[in-house]
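**Student:** Please find one structure pasted underneath; my questions will follow.
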Amino acid sequence: MKKSILLILLIALAFVGCDRRESTRENLQKSISEFNEKYTDLSIVTYYPEAYTEVQTDSIISNTFKVSIKNYSKMDSQILVSSEPDEKKTKVNYHRVFESEINIVLASDNIFSKTLNAEDFKGSSPSEFWKNATLEHVWVNQEMSNTEEVNLGISIINPKSKAFKLYELVVSAEGKQSLNLIEEHS
């Protein structure tokens with residue numbers, strides 16, 4: 001009796017196993033095909049830097065000037081570096097725009113206070129470079145600064161063309177400014 005029940009179960013299992021239902025692999029391939037038909041355009045977006053970035057430096061020059069510089073990325077402004085379509089997806093790369101807040105104090109008097117960005121330099125030399133330019137970094141040039149003036153280095157880049165410009169901003173003890181282009185690469 002036990003043998004006949006076991007034999008009936010084996011025969012039933014054989015019929016159930018051969019009912020021509022789709023296999024797991026076939027179900028997965030069908031689901032992928034349906035997904036690809038529904039979602040044809042996918043965009044993969046990357047940002048440089050990925051998150052908010054800030055670098056703040058405070059310097060005292062020759063026991064005379066106190067210089068505070070804050071370089072930071074703007075989260076609401078970016079430059080399109082590249083867009084690469086690839087079958088059903090597009091890879092889009094952005095470079096965030098940077099700004100710098102600069103404060104120079106001499107004997108408790110604020111002689112220079114400004115937020116710099118690439119827009120401030122466009123008028124100095126109109127070219128294609130400025131269409132996708134952003135401030136990269138501002139720093140104190142300790143070697144060139146003295147008791148009479150503060151010398152700041154300013155780097156501006158174009159992440160799309162990989163070009164850059166290097167400026168020198170000299171601020172005198174009276175607050176007078178002088179801007180000079182030191183180097184450029186296009």
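**Student:** Once R0 is set to 22 Å, what does the formula 1/(1 + (r/R0)^6) return for the Cβ-Cβ distance between Ser77 and Glu168, expressed as a FRET efficiency to the nearest 0.05?
**Tutor:** 0.30
**Student:** Say a paramagnetic label sat at a point 7 Å from the Cα of Lys70, along Cα to Cβ; which residues of the stretch 127-168 have their backbone N under 18 Å from it?
**Tutor:** Backbone N within reach: 135-140.
**Student:** Could you name the lysines whose alpha carbon sits less than 18 Å from that of Lys165, not counting residues in the same chain fewer than 8 places away?
**Tutor:** Within reach: Lys122, Lys131.
**Student:** Report the calculated FRET efficiency for Ser33 and Asp86 (r = Cβ-Cβ distance, R0 = 22 Å), to the nearest 0.05.
**Tutor:** Computed FRET efficiency for Ser33 and Asp86 comes out at 0.70.
**Student:** Then there's this: For the stretch 91-161, what value does the Rg/Rh ratio take when both radii are computed over Cα atoms and Rh is the Kirkwood radius, given to two decimals?
**Tutor:** The Rg/Rh ratio comes out at 1.06.
**Student:** Search the structure for amide H atoms under 5 Å from the amide H of Met144, placed 1.01 Å from N in the peptide plane, and list their residues when 5 or more places away or on another chain.
**Tutor:** none
**Student:** If you don't mind, another one. Measure off, as a whole percent, the carbon and sulfur share of the 1.4 Å-probe accessible area of the chain, all protein chains present.
**Tutor:** 52
**Student:** Can you show me the helix-derived [θ] at 222 nm for the chain, built from DSSP H runs with n ≥ 4 at -39,500 (n - 2.57) apiece and divided by the number of residues, rounded to the nearest 500.
**Tutor:** Counting only the DSSP helices, I get -5500 deg cm²/dmol.
**Student:** Note the direction-averaged projected area, equal to a quarter of the hull surface, for the Cα convex hull of the chain, in nm².
**Tutor:** For the chain, averaging the hull's shadow over all directions gives 20.5 nm².
**Student:** If you take every DSSP beta bridge whose two residues both sit in the stretch 39-186, what share of them, in percent to the nearest 5, is antiparallel?
**Tutor:** If I count the DSSP bridges inside the stretch 39-186, around 90 percent turn out antiparallel.
**Student:** Per residue, what accessible area does the chain have, given a 1.4 Å probe and all protein chains present, in Å²?
**Tutor:** 69
**Student:** What chymotrypsin sites (Phe, Trp or Tyr not before Pro) in the stretch 112-186 are in a loop by DSSP, with at most 10 other Cβ atoms within 10 Å of the Cβ?
**Tutor:** Counting only loop positions with at most 10 other Cβ atoms within 10 Å, none of the chymotrypsin sites (Phe, Trp or Tyr not before Pro) in the stretch 112-186 qualifies.
The values are calculated or read from the model by the stated rules, or taken from the named source; none is laboratory data. All values derive from a computational prediction rather than experimental measurement. As a convention, Cβ positions derive from the backbone with ideal geometry for all residues, glycine included, and neighbour counts pool all protein chains shown. Calculation scope for accessible area: heavy atoms of the full protein, side chains included, ligands and nucleic acids excluded. Shrake-Rupley method; radii C 1.70, N 1.55, O 1.52, S 1.80 Å.
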